[in-house]
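Working notes, beginning with the structure itself.
Coordinate-derived values only; no laboratory data. Computed from a predicted structure; not experimentally measured. Ideal geometry is used to build each Cβ from the backbone, glycine not excepted, and the neighbour counts take in all protein chains shown.
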Amino acid sequence: MSDALRYKDKMRGLRFFGARWRLLLGLVGLGAGAWAFHTYAPPQHNPFRPLSLEDPIGFATFDKLTDLKYEPSTCFAALEAAAVVHTTLLDSVTGEGCGFENALQTRQVLTPLNDALSMSCPLAASLYIWEQASARPLAEDMFGSPLVRLETYGTYSCRNIAGSQQRSEHATANAIDIAGFRLADGRLISVAEDWGARSPEGRYLKRVHKAACKLFSVTLGPDYNAAHADHFHFDFGSGGSCR
Ligand SMILES: [Zn+2]
């Protein structure tokens with residue numbers, strides 16, 4: 001073999017080993033990256049960590065809440081871990097396209113409600129995170145007074161979406177209508193009165209609405225249509241809307 005050929009052969013061998021080494025190093029790097037992410041990423045950003053209702057809102061929160069629709073035992077375990085006092089409702093059909101599945105009744109997911117309300121477990125879980133990460137701390141920060149009651153227009157109602165032939169998410173207790181926020185100092189922040197106002201109350205409503213969009217599949221308010229002029233509608237159905 002000539003020197004030139006021998007040299008060429010040697011170089012080919014080196015390139016072959018070089019490629020294998022690069023592949024191996026790449027795989028080790030990927031593995032180390034995945035391990036570091038899993039070990040150090042905050043749980044709200046890590047889709048492989050179980051959902052805790054006490055976590056702040058992160059990149060993985062919405063997907064974890066969505067998974068609860070298909071994992072009722074995980075959903076109820078999350079509520080229990082957060083000490084949400086509730087009565088589990090038996091699955092039942094209450095009318096055509098109406099009824100309860102993986103639902104509960106409660107007077108207080110986190111903040112007391114104006115009434116005992118029935119709601120699906122994933123709706124309750126989303127509501128809890130929205131209250132603890134947004135509605136409650138913002139009330140303290142902006143008004144120096146804790147949020148003491150959510151004024152609602154209810155959750156469950158066996159009916160269609162207004163002006164449509166389609167069942168509302170309310171028909172399966174998978175939606176809540178929130179009209180206002182009562183603070184400990186007696187103040188009421190009202191969607192009907194304060195939405196769009198250039199006041200702290202108006203800014204509060206904008207901010208909690210924006211936070212809801214990260215947690216519920218459908219978030220509607222007065223900007224959506226006249227039917228929502230006096231309340232926010234949050235649901236955990238199959239739609240996707242933030243208006
Ligand atoms: Zn509604």
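Computed on the Cα atoms alone, the convex hull of the stretch 10-97 gives a volume of 157 cubic angstrom per residue. Three principal axis extents of the stretch 118-199 based on alpha-carbon atoms, in descending order, are 43, 27, 18 Å. Cβ-to-Cβ counts within 10 Å put CYS75, CYS121 in ascending order as CYS75, CYS121, the fewest first.
Listed by number, the DSSP H helices of the chain that run 30 Å or longer by alpha-carbon position along their axis and have mean Kyte hydropathy of at least 0.0 are 3-40. With both labels modelled 7 Å from their Cα along Cα-to-Cβ, the ASN225 to ARG15 distance reads 6.5 nm.
For the stretch 174-243, the relative contact order is 34 percent, taking Cα pairs closer than 8 Å that sit 6 or more residues apart in sequence and dividing their mean separation by the residue count. Computed from the C-beta positions of ASP63 and VAL85, the FRET efficiency with R₀ = 30 Å rounds to 0.65. Scaling against 2.2 N^0.38 Å puts the C-alpha radius of gyration of the stretch 154-229 at 1.20. Quick one: plug the Kirkwood hydrodynamic radius of the stretch 43-242 (C-alpha pairs) into Stokes-Einstein at 25 °C, 0.890 mPa s, and report D in µm²/s. D, rounded to a whole number, is 145 µm²/s. Candidate cross-link partners of LYS64 among the lysines, defined by an alpha-carbon separation under 24 Å and a same-chain spacing of 8 or more, comprise LYS210, LYS214. Counting charges near ALA179 (Lys, Arg +1; Asp, Glu -1) among other residues having Cβ under 13 Å from its Cβ returns a value of -4. Just want the ordering: ASP223, ASP3, from fewest to most Cβ atoms lying within 10 Å of their own Cβ. Ordered by Cβ neighbours within 10 Å, fewest first: ASP3, ASP223.
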